[in-house]
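One structure follows; several queries about it will come next.
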Amino acid sequence: MLAGDLYAFQGLLSDDEAATVQRVRDFLEAEVVPIANDYWARAEFPSQLVKRFAGLELAGRERSSLLNGWLALEMARADASMATFYGVHAGLAMGSIQTCGSPEQRERWLPEMAAFDRIGAFALTEPTGGSDVAAGLRTTARRDGDTWILDGQKRWIGNATFADLIVVWARDVEDNQVKGFVVPGDAPGFTATKIENKIALRIVQNADLTLTGVRVPEADRLQNANSFKDTAKILRQTRSGVAWEAVGVMLAAYEIALKYAGEREQFGRPIAKFQLVQDLLVRMLGNVTGALGMCVRLAQLQDAGQYRDEHSALAKAYCTTRMREVVGWARELLAGNGIVLDYDIGRFVADAEALYSYEGTREINTLIVGRAVTGHSAFV
């Protein structure tokens, strides 16, 4: 069990699921944790790990929601950037094809993506549109015989600088509905420019995309994506994944702070013996436990078929808010040592800011829940 799993939630996993978690945890601690700070500092992606991820045989597998969530937790506990890489590829990109693609499209693309032979990206957010993307999507799709012509711009698209397949969401100029298209990374008229100077998720290769007259055959249009409601199905699933990632970041921060408190001495004794230090640690542990309990119940609702938008929205808003507190308290406990990469916590403090914002801001997720509980929409 992890040090921060005080209520032993991991015990809810079956023996086979627990073995999978341990296998992934061992991989992450051996392959990702030792190099994370270096690649984060250089804002580079460890491409040598891609096929190593394939060896874990995770992508494209049928699993319980609890196991899926716990795997997201483990990845974020090692490094939030690598968790995001995996979430974009296996969750957003593969999830779009699985949910909105035809049987032929799933057979054509998903096996190679599951083997990490082809990497996916998900292009929804635009330079001028984030929270209002449902109504404000500006990238257009125009049908020309058996081909679609895409024009527009996207921003913050993870994996896009090296992705083989990009799921692009665009508005059909004919019926004004949002549709999905699978675009090759080397398509004529498609360019991806890496976003520089980020202060969070620096390992993730986010890009600005430009689509100028990109021609996509009808066969590459996701056949079951006919409105933004279909896009929202994907976001509902991945939003819950971000809540689990937030718990993973919290667990990492707590473990770092707990270890440091036992080793750091002031006034002739470990600072773990001081009341105020114990207070910080217990506040962290309380946030971890509350957020993890929410995520576990969320997974149970998913598997029971009782899962609604407000469930994932509340979890994402709550867990990422509590995460912000935990990483701040951990940094506080480490004092000056908390602002250098050598002690790890600085990376988690910075990366937490990105998790707090993506997959729906706290404010937007709050309004989703508010609409559900009051029956009144407060959206502009």
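The values are calculated or read from the model by the stated rules, or taken from the named source; none is laboratory data. Every value quoted in this text rests on a predicted model; they were computed, and no experiment measured them. Reconstructed Cβ throughout: ideal geometry from the backbone, glycine too, with neighbour counts over all protein chains shown. When the accessible area is computed, the model is the full protein with side chains, heavy atoms only, and any ligands, DNA or RNA have been set aside. Shrake-Rupley method; radii C 1.70, N 1.55, O 1.52, S 1.80 Å.
Could you sort 91-99, 66-74, 290-298 so that the peptide with the highest average Cβ count within 10 Å comes first and the rest follow in order?
On the way: 91-99: 23.0, 66-74: 24.9, 290-298: 19.8.
Order by mean packing, descending: 66-74, 91-99, 290-298.
Dipole of the stretch 1-42 (Lys/Arg Cβ +1, Asp/Glu Cβ -1, origin at the Cα centre): which of Gln10, Leu28, Tyr39 lies farthest to the positive side?
About the Cα centre, the residue reaching furthest to the positive side is Tyr39.
For the chain, set up a Gaussian network in which alpha carbons nearer than 10 Å are linked by springs, and say which option among Asn337, Asn206, Asn197 fluctuates the most.
Judging by the Gaussian network model, the answer is Asn197.
Whole Å is fine, so just give me how far the alpha carbon centre of the stretch 221-288 lies from that of the stretch 114-164.
30 Å
Please determine, in degrees from 0 to 90 and to the nearest 10, the orientation of helix 275-303 with respect to the longest principal axis defined by the Cα atoms of the chain, where the helix direction is its Cα long axis.
Taking the Cα atoms of the chain, the angle to 275-303 is about 40 degrees.
Let me ask something additional. Can you bin the chain into rounded, prolate or oblate? Criterion: square roots of the alpha carbon gyration tensor eigenvalues sorted a ≥ b ≥ c, rounded for a/c under 1.5, prolate for a/b above b/c, oblate for the rest.
Note, shape of the chain comes out prolate.
Another question, if that's okay. In the chain, with Lys and Arg counted as +1 and Asp and Glu as -1 at Cβ, which of these residues, His311, Phe85, Asn206, has the Cα nearest the positive end of the dipole, that is, farthest along it?
Positive-end residue among those listed: His311.
Using only protein heavy atoms and a 1.4 Å probe, report how much of Phe348 is accessible, in Å² to the nearest 10.
Using a 1.4 Å probe on the heavy atoms, I get roughly 10 Å².
Taking the Cα centre of the stretch 95-155 as origin, sum charge times position over the Cβ atoms of Lys and Arg (+1) and Asp and Glu (-1), and report the length of that vector in debye to the nearest 20.
On the way: 8 positive and 9 negative charges, 34 e Å.
Value, rounded to 20: 160 debye.
Same structure, new question: Where a ≥ b ≥ c are the square roots of the eigenvalues of the C-alpha gyration tensor, would you call the stretch 119-211 rounded, which needs a/c under 1.5, or, failing that, prolate if a/b is larger than b/c, or oblate?
Details: a/c = 2.44, a/b = 1.47, b/c = 1.66.
The shape class here is oblate.
Now a separate question. What does the charge count around Leu28 come to, taking other residues whose C-beta lies under 9 Å from its C-beta (Lys +1, Arg +1, Asp -1, Glu -1)? Please list the in-between numbers first.
Values: positive: Arg25, Arg77; negative: Asp26, Glu29, Glu31, Glu74, Asp79.
Result for the neighbourhood of Leu28: -3.
In addition: Angle between the Cα long axis of helix 345-357 and the longest principal axis of the chain, 0 to 90 degrees, nearest 10?
40 degrees
For a protection proxy built on the mean count of beta-carbon atoms within 10 angstrom, sort 266-274, 208-216, 319-327 highest first, please.
Going by the mean number of other Cβ atoms within 10 Å, highest first, we get 319-327, 208-216, 266-274.
Still on this structure, I have one more. What list of ³J(HN,Hα) couplings, whole Hz, do you get for the stretch 203-216 from phi and the Karplus terms 6.51, -1.76, 1.60, once you set θ to phi - 60° and write x for glycine and proline?
Per residue, the Karplus-derived 3J(HN,Hα) values read 6, 5, 8, 6, 9, 8, 10, 10, 10, 10, x, 6, 9, 10 Hz.
Another question about this same structure. Got a number for carbon plus sulfur as a percent of the chain's accessible area, 1.4 Å probe?
On the way: 8410 of 16580 Å².
The computed percentage sits at 51.
Checking the a/c ratio against 1.5 first, then a/b against b/c, what shape does the Cα gyration tensor give for the stretch 161-315?
Details: a/c = 4.41, a/b = 1.92, b/c = 2.30.
Here the stretch 161-315 falls in the oblate category.
Here is a further query. Would you work out the charge dipole size for the stretch 166-261 about its Cα centre, treating the Cβ of every Lys and Arg as +1 and the Cβ of every Asp and Glu as -1, and quote it to the nearest 20 debye? Kindly include the intermediate steps, with their values, before the conclusion.
Working: 12 positive and 11 negative charges, 67 e Å.
Charge dipole of the stretch 166-261: 320 debye, to the nearest 20.
Out of Leu235, Leu222, Leu13, any idea which swings most in a Gaussian network model of the chain, alpha carbons joined below 10 Å?
Leu13
Along each principal axis of its Cα atoms, how long is the stretch 82-167 end to end? Whole angstroms, biggest number first, please.
Sorted largest first, the three principal extents are 36, 34, 22 Å.
Count of lysine pairs in the chain with Cα atoms under 15 Å apart, counting only pairs 8 or more residues apart in sequence or on different chains? Walk me through the numbers before you get to the answer.
Values: Lys154/Lys179; Lys154/Lys194; Lys179/Lys229; Lys179/Lys233; Lys259/Lys273.
Close lysine pairs under the 15 Å cut-off: 5.
What angle, in degrees between 0 and 90 and rounded to the nearest 10, separates the Cα long axis of helix 362-374 from the longest principal axis of the Cα atoms of the chain?
The two axes meet at around 80 degrees.
Can you tell me the dipole magnitude for the chain around its Cα centre, using point charges on the Cβ only (Lys, Arg +1; Asp, Glu -1), in Debye to the nearest 20? Intermediate values should be presented prior to the final figure.
Details: 41 positive and 48 negative charges, 145 e Å.
Computed about the Cα centre, the dipole is about 700 debye.
With no solvent and one equal point scatterer per Cα, compute the Debye intensity ratio I(q)/I(0) for the stretch 1-61 at 0.12, 0.18, 0.20 Å⁻¹ and report its log10, rounded to two decimals.
-0.41, -0.80, -0.91
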